[in-house]
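First comes the structure, then the notes that go with it.
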Amino acid sequence: GASELGERLLALADRDPDEVIRIMTGAEGDRPVSASRALGISLRMVGRVTEALSVFDEAVDDARSDGDTRSEALTRLSRSSVLFMSGRMEDGAADLDHALAHLVGPDRGVAVFQRAQYLDVVDDPAALETFDEAVALLTGVVGYDKYLGHALANRGIHHSTHGRLALADADLAAARAIWTAAGLEALASTALHNIGHVAASRGADVSAIDHF
């Protein structure tokens, strides 16, 4: 059905955003909100930010018209990252706050992770405890491995920035293992690259070269 198509496209966006764009460009008729969200995510991933924002705007309106609170919140959560990328910080924060107010369970864990990212960018000391909350909400939840990996990897980078190199290593290694098991090779490679940066930070030159 339409919802199954959307879920398949969301999964494909992680591996081949160009293919999602190709599929959706040739699609006719109304598309489910989840498919629009997959298209918006894919456009963002390939740097087509303005187009992504337009797709998300339409998807938010569609979800609201359908009375689909969860889909609206998830789409606004995805849109928030594009708004932040575009420098629209207040609008991005409003979307993020809406998602946090309306999502529950592991969906809320994804929103908490994005909140932690935002706090980290603005150097808010609450970032670490927010990353911890996101990891707790996402750990052990089937189907949310990608997001758990993101929460761990970004917490690891946060640890590294603040000189907690052993904790950084542990989080980045865990993220890499999760992404590798999920077949998300590009994400696993970014975790390995960041492990190399941590090794370089502690002066382990040979180890750093191996990771790069």
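The values are calculated or read from the model by the stated rules, or taken from the named source; none is laboratory data. Keep in mind that this is a model prediction, so the values were computed, not measured. Methodologically, a virtual Cβ is constructed for each residue, glycine included, from the backbone with ideal geometry; neighbour enumeration extends over all protein chains shown. Please note that ligands, DNA and RNA were not included when accessible areas were found on the heavy atoms of the full protein model with its side chains. Shrake-Rupley method; radii C 1.70, N 1.55, O 1.52, S 1.80 Å.
Taking each DSSP H run with n ≥ 4 as -39500 (n - 2.57) and averaging over every residue of the chain yields -26500 deg cm²/dmol at 222 nm. Placing a pseudo-label 7 Å from each Cα along the Cα-to-Cβ vector at HIS197 and ASP16 gives an inter-label distance of 3.0 nm. The trypsin sites (Lys or Arg not before Pro) of the range 90-156 include none that DSSP puts in a loop with a beta carbon having at most 16 other beta carbons within 10 Å. Each of ALA153, ALA35, ALA170 was placed along the dipole of the chain (beta-carbon charges, centred on the mean Cα), and the one lying farthest toward the positive end is ALA170. Taking θ as phi - 60° and the Karplus parameters 6.51, -1.76 and 1.60, the scalar couplings of the range 165-171 work out to 6, 5, 5, 4, 4, 4, 5 Hz in sequence order, x denoting glycine and proline. Relative to the current alpha-carbon distance between SER54 and ALA94, full extension at 0.36 nm per residue lengthens the span by 12.7 nm.
Using 0.36 nm per residue and subtracting the Cα-Cα separation, the extra length available between ALA27 and ARG8 on full extension is 5.4 nm. Remark: relative contact order (the chain) = 10 percent; criterion is Cα-Cα distance under 8 angstrom and separation of 6 or more residues. When the residues MET45, MET24 are ordered by accessible surface, computed with a 1.4 Å probe over the protein chains alone, the sequence from largest down reads MET45, MET24.
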